[in-house]
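A.B. asks: Sharing a structure, written as structure tokens. Questions coming.
The values are calculated or read from the model by the stated rules, or taken from the named source; none is laboratory data. Being a predicted model, the structure only gives us computed values, none of them experimental. Cβ placement follows ideal geometry from the backbone for every residue including glycine, while neighbour counts extend to all protein chains displayed.
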Amino acid sequence: MVTHKKPTWWKVGVIYQVYPRSFQDTNEDGVGDLSGIVSRLDYLEWLGIDAIWISPFYPSPMEDFGYDITDYTGLDPVFGELPDFDALVAEAHRRSIRVILDFVPNHTSHLHPWFVESRSARESEKRNWYIWQDPKPDGSPPNNWRGQADPDTEGSAWAFDEFTGQYYLANFSPSQPELNWRNTEVREAMMDAMRFWLDRDADGFRVDMVDFLGKDPDFRDESPLAEGKTPRDYLVEARYQLNRPETLDYIREMKRILDQYPDRVLIGEVIYFLPVERMAAYYGEGDLLDLPTNFRFTFLPPEAPVLRRFVDDYDAALREHGAWPNHCLGNHDSPRVSRHGEETSRLLAMMLLTLRGTPFVYYGDEIGMPNVKVLPDKRQDGWDYIGRDPARTPMQWDASPNAGFCHEHAEPWLPVSDEFEKDNVESQRSDSRSMLALYRRLLGLRRAEQALSLGDYEAMEDAPERCFAYRRQYEGRRLLVALNFSGEAIRLTLAGCTDAKILLSTYLNRDGETGAETLELRPFEGIVAEVPDMNPNETEV
Ligand code: BGC
């Protein structure tokens, strides 16, 4: 008898990102909290996701909304207290929903007691917990490393501390000094923090900016940006400021901690534009990251040939390493996918939830939340050049004041979209053809069909150019996904297939339709169909 090992939950499951400030407020301060997430778990269970990843909720001055931590083992009062965390985990687990925490080990807040101590004197016992260097003789920063808060400017990654007369490294902002991962005390403190949450039943971590952890001990200059090169190229090519070989050792150390607990997941944020082979390296031999994040769909144009080329390369590179892909359409750092319009967003949702690899769904995308225009006097995010506020606005639950996100007398920390009375969870729940209905159907289909979660991926060679079509196959079950990214109807030839049956269309009105040898796709329509007897690509025969 063949015994099947139960597939790992984070491979078959779908992860939903909650930005806690914006999900649900329960204490009338206009900022979401953990009790708010608990109150919405029934919705998440109904939707059909498997895990939530919660952006940081630790104590923080909120200069970068939680990505600037002052205590790794606490909760910021705005989000609640430790018992609220325990209640969240217990309630989520009761519904078979896992809870993944955001972990930000590369930098702390400048107000973290460790940094306050570190900057108090050159002789401070915490001096070496951060990265301090003397100025050059002319007083300028120690080297040419570029700051990342706004990669398009010439800003330095170093911030000067008047009091002790040295520079400290702060890639993202002077308010986010970088920890010195070469220091074993720092690493131990970080591992202790991870254990603290794992002991409280957290199911894993999404590690922020993991590829920045190691730094060249000699602080060598990076090659200056050559003509024609962009700040993105700089990040990919940097050898001293990030992308260090010792970072892999640090990740291995984290992974060893997680491996002491059953069934945990280690996700790591790596820079957006890494070539696929470089992404693959972050998996190691199964001893590094389970999922180094792939952000390509947040910025690639939604065009069939472009998407296909990326997926083909990524899937092939990872398959070679026995590594598991992952995909997302958006997150708290990128404009929302709804910018492409509803039809295309539907196609992209179908793609996200039918590709090989763990899907990440960003809160609110399931109802097509817009990028909300935030007027200057309401802006919150310090990263002006991207303007991340529009994608972080309160979840639109219903048509009541403040969209049900917070009490009508509270002022939401970011404005609620003007469209909320029309577009909200409640209104879309009762509309069988809404975006929400599509997400729920897709999530249900992915859960029901192992071909979609675990199956092989193979692009269809002979699909029309503006159609991205692929087969997913698992243990004899063969499904076809075809996404028409054009405004024209197209006909798809299904070689040898006499018996195709549509399981789902992005228009949500073609269930059960059958076809033989061909299938028609309407403009901007995507479908998932059973194609039991469809021939594989000629090239593969
Ligand atoms: C987080 C951002 C944050 C940055 C610095 C990122 O990758 O996702 O929101 O501003 O790290 O911590």
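A.B. asks: Among the numbered criteria (1) within 18 Å of Arg433 (Cα to Cα); (2) in contact with a Pro (Cβ under 7 Å, 6 or more places away or on another chain), which single criterion is violated by Asp499?
C.D. replies: Of everything listed in (1) within 18 Å of Arg433 (Cα to Cα); (2) in contact with a Pro (Cβ under 7 Å, 6 or more places away or on another chain), Asp499 misses just condition (1).
A.B. asks: Which of the following residues is surrounded by fewer than 17 Cβ atoms within 10 Å (Cβ to Cβ), touching a strand residue (DSSP E or B) at 6+ places or on another chain (Cβ under 8 Å) and in a strand (DSSP E or B): Arg471, Arg491?
C.D. replies: Values: Arg471 fails: surrounded by fewer than 17 Cβ atoms within 10 Å (Cβ to Cβ).
Step by step, each of Arg471, Arg491 is checked, and only Arg491 is surrounded by fewer than 17 Cβ atoms within 10 Å (Cβ to Cβ), touching a strand residue (DSSP E or B) at 6+ places or on another chain (Cβ under 8 Å) and in a strand (DSSP E or B).
A.B. asks: Restricting to segment 243-273, name every residue that is of a type in the set (D, E, K, R) and more than 16 Å from the ligand (Cβ to nearest atom).
C.D. replies: The initial filter retains those residues of segment 243-273 that are of a type in the set (D, E, K, R), namely 244, 246, 249, 252-253, 255-256, 259, 263-264, 269.
Result: Arg244, Glu246, Asp249, Arg252, Glu253, Lys255, Arg256, Asp259, Asp263, Arg264.
A.B. asks: Just to be sure I understand the filter: pairs with C-beta atoms under 9 Å, separated by 6 or more residues or on different chains, first member in segment 104-129 and within 17 Å of Asp64 (Cα to Cα) and among the hydrophobic types (A, V, I, L, M, F, W, C), second member assigned to a helix (DSSP H, G or I) and away from the ligand (no atom under 16 Å from the Cβ). Which pairs pass?
C.D. replies: Pairs found: Phe115/Trp129.
A.B. asks: Sticking with this one: Of a type in the set (Phe, Trp, Tyr), farther than 26 Å from Gly330 by Cβ and either within 16 Å of the ligand (Cβ to nearest atom) or out of contact with any Gly (no Cβ under 9 Å at 6 or more places or on another chain) (or both): is that true of Trp114 in this structure? If you could, list the steps in order and put the result at the bottom.
C.D. replies: On the way: of a type in the set (Phe, Trp, Tyr): yes; farther than 26 Å from Gly330 by Cβ: yes; either within 16 Å of the ligand (Cβ to nearest atom) or out of contact with any Gly (no Cβ under 9 Å at 6 or more places or on another chain) (or both): yes.
Spelling it out, Trp114 is indeed of a type in the set (Phe, Trp, Tyr), farther than 26 Å from Gly330 by Cβ and either within 16 Å of the ligand (Cβ to nearest atom) or out of contact with any Gly (no Cβ under 9 Å at 6 or more places or on another chain) (or both).
Residues are listed down the side, and each one gets a yes or a no for (1) of a type in the set (S, T, N, Q); (2) closer than 26 Å to Asp290 by Cα:
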| position | (1), (2) |
| --- | --- |
| Thr8 | yes, yes |
| Lys11 | no, yes |
| Val18 | no, yes |
| Val31 | no, no |
| Gly36 | no, no |
| Asp42 | no, no |
| Ser55 | yes, yes |
| Tyr67 | no, yes |
| Ala87 | no, no |
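A.B. asks: For residues that are in contact with a helix residue (DSSP H, G or I) (Cβ under 6 Å, 6 or more places away or on another chain) and assigned to a strand (DSSP E or B), scanning just segment 90-123, find the one that is nearest to Leu266 (Cα to Cα).
C.D. replies: Leu101
A.B. asks: If you don't mind, another one. Just checking, does segment 523-531 include any residue being more than 30 Å from the chain's Cα centre (by Cα), surrounded by fewer than 16 Cβ atoms within 10 Å (Cβ to Cβ) and not aliphatic (A, V, I, L, M)?
C.D. replies: No, that holds for no residue.
A.B. asks: Right, next: Step by step: first the residues of segment 326-381, then only those that are β-branched (Val, Ile, Thr) and in contact with a strand residue (DSSP E or B) (Cβ under 6 Å, 6 or more places away or on another chain), then the one that is farthest from the ligand (Cβ to nearest atom). Which residue is that? Working first, answer last.
C.D. replies: If we filter segment 326-381 for residues that are β-branched (Val, Ile, Thr), which is where we start, we get 337, 344, 354, 358, 361, 367, 372, 374.
Filter once more, so that each one left must be in contact with a strand residue (DSSP E or B) (Cβ under 6 Å, 6 or more places away or on another chain): 354, 358, 361.
Details: Thr354: 26, Thr358: 18, Val361: 16 Å.
In this case the residue turns out to be Thr354.
A.B. asks: Out of all the residues in segment 193-235, which are of a type in the set (A, V, I, L, M, F, W, C) and part of a loop (DSSP other than H, G, I, E, B)?
C.D. replies: Our first condition is that a residue be of a type in the set (A, V, I, L, M, F, W, C); within segment 193-235, this holds for 193-194, 196-198, 202, 205, 207, 209-210, 212-213, 219, 225-226, 235.
Listed by number, the residues that qualify are Ala202, Met209, Leu213, Phe219, Leu225, Ala226.
A.B. asks: If you check Arg182, Arg187, which single one turns out to be closer than 18 Å to Lys126 by Cβ, touching a residue at least 60 places away in the same chain (Cβ under 8 Å) and part of a loop (DSSP other than H, G, I, E, B)?
C.D. replies: So the residue among Arg182, Arg187 that is closer than 18 Å to Lys126 by Cβ, touching a residue at least 60 places away in the same chain (Cβ under 8 Å) and part of a loop (DSSP other than H, G, I, E, B) is Arg182.
A.B. asks: Continuing with the same structure: So which of Pro376, Pro390 ends up being modelled with pLDDT under 95 and surrounded by fewer than 23 Cβ atoms within 10 Å (Cβ to Cβ)? I'd like the intermediate steps shown before the answer.
C.D. replies: On the way: Pro390 fails: modelled with pLDDT under 95.
Of the residues listed, the single one that is modelled with pLDDT under 95 and surrounded by fewer than 23 Cβ atoms within 10 Å (Cβ to Cβ) is Pro376.
A.B. asks: What is the one condition in (1) of a type outside the set (A, V, I, L, M, F, W, C); (2) surrounded by fewer than 16 Cβ atoms within 10 Å (Cβ to Cβ); (3) in a loop (DSSP other than H, G, I, E, B); (4) away from the ligand (no atom under 16 Å from the Cβ) that Asp384 does not satisfy?
C.D. replies: (4)
A.B. asks: Do you know which residues across segment 502-522 are outside any strand (DSSP E or B), in contact (Cβ under 8 Å) with a residue 60 or more places away in the chain and within 17 Å of Cys467 (Cα to Cα)? Please lay out each step first, then the result.
C.D. replies: To start, the set of residues in segment 502-522 that are outside any strand (DSSP E or B) comprises 506-513, 516-517, 522.
Remaining after also requiring in contact (Cβ under 8 Å) with a residue 60 or more places away in the chain: 506-509.
Within segment 502-522, Thr506, Tyr507 qualify.
A.B. asks: In this structure, is Asp86 surrounded by 21 or more Cβ atoms within 10 Å (Cβ to Cβ) and either modelled with pLDDT of 95 or more or away from the ligand (no atom under 16 Å from the Cβ) (or both)?
C.D. replies: Working: surrounded by 21 or more Cβ atoms within 10 Å (Cβ to Cβ): no; either modelled with pLDDT of 95 or more or away from the ligand (no atom under 16 Å from the Cβ) (or both): yes.
Taking the combined requirement at face value, the residue does not satisfy it.
Here's the yes/no breakdown for (1) assigned to a loop (DSSP other than H, G, I, E, B); (2) farther than 21 Å from Ser453 by Cβ; (3) within 13 Å of the chain's Cα centre (by Cα):
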site	(1), (2), (3)
Tyr283	yes, no, no
Gly286	yes, no, no
Pro305	no, yes, no
Asp315	no, no, no
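A.B. asks: Condition (residue is over 30 Å from Pro7 (Cα atoms) and modelled with pLDDT under 95) applied to segment 521-541: is it met by at least one residue?
C.D. replies: From segment 521-541, those over 30 Å from Pro7 (Cα atoms) are 521-525, 538-539; that's our starting set.
Adding the requirement that they be modelled with pLDDT under 95 leaves 538-539.
Yes, some residue in segment 521-541 is over 30 Å from Pro7 (Cα atoms) and modelled with pLDDT under 95.
A.B. asks: Could you tell me which residue of segment 51-64 is nearest to the ligand (Cβ to nearest atom), considering only residues that are more than 17 Å from Met194 (Cα to Cα) and crowded, with 21+ Cβ neighbours inside 10 Å?
C.D. replies: Looking only at segment 51-64, we keep the residues that are more than 17 Å from Met194 (Cα to Cα), and these are 51-52, 60-64.
Applying the additional criterion that residues be crowded, with 21+ Cβ neighbours inside 10 Å yields 51-52, 60, 64.
Working: Ala51: 18, Ile52: 16, Ser60: 11, Asp64: 5 Å.
Here the answer is Asp64.
A.B. asks: Determine whether segment 199-211 contains at least one residue that is more than 23 Å from Ala92 (Cβ to Cβ), within 16 Å of the ligand (Cβ to nearest atom), of a type outside the set (Val, Ile, Thr) and surrounded by 20 or more Cβ atoms within 10 Å (Cβ to Cβ).
C.D. replies: Applying the first criterion (more than 23 Å from Ala92 (Cβ to Cβ)) to segment 199-211 yields 209-211.
Then keep just the ones that are within 16 Å of the ligand (Cβ to nearest atom); that gives 209-211.
Next cut, of a type outside the set (Val, Ile, Thr) only: 209, 211.
From the residues that got through so far, the ones that are surrounded by 20 or more Cβ atoms within 10 Å (Cβ to Cβ) too are 209, 211.
For segment 199-211, residues more than 23 Å from Ala92 (Cβ to Cβ), within 16 Å of the ligand (Cβ to nearest atom), of a type outside the set (Val, Ile, Thr) and surrounded by 20 or more Cβ atoms within 10 Å (Cβ to Cβ): present.
A.B. asks: Follow-up question, since we're still on this one. Determine the pairs where a residue that is touching a residue at least 24 places away in the same chain (Cβ under 8 Å), located within segment 206-225, has a partner that is within 12 Å of the ligand (Cβ to nearest atom) and among the small types (Gly, Ala, Ser) with Cβ atoms under 7 Å apart, the partner being 6 or more residues away or on another chain.
C.D. replies: Close Cβ pairs satisfying both conditions: Val207/Gly268; Val210/Gly268.
A.B. asks: Within segment 34-81, count every residue that is in contact (Cβ under 8 Å) with a residue 40 or more places away in the chain and in a helix (DSSP H, G or I).
C.D. replies: Final tally of qualifying residues: 11.
A.B. asks: Another question about this same structure. Counting just the residues of segment 23-43 that are farther than 19 Å from Arg95 by Cβ and more than 23 Å from the chain's Cα centre (by Cα), which one comes out surrounded by the most Cβ atoms within 10 Å (Cβ to Cβ)?
C.D. replies: The residue in question is Gly30.
A.B. asks: Scan segment 283-294 and report the pairs whose first residue is over 17 Å from Glu320 (Cβ atoms) and whose second residue is acidic (Asp, Glu) and part of a loop (DSSP other than H, G, I, E, B), with Cβ atoms within less than 7 Å and a gap of 6+ or a chain change.
C.D. replies: Final answer for the pair search is Thr293/Glu269.
A.B. asks: Does segment 320-367 hold any residues that are over 20 Å from Trp9 (Cα atoms) and among the small types (Gly, Ala, Ser), and which are they?
C.D. replies: Residues satisfying the conditions are Gly330, Ser334, Ser338, Gly341, Ser345, Ala349, Gly364.
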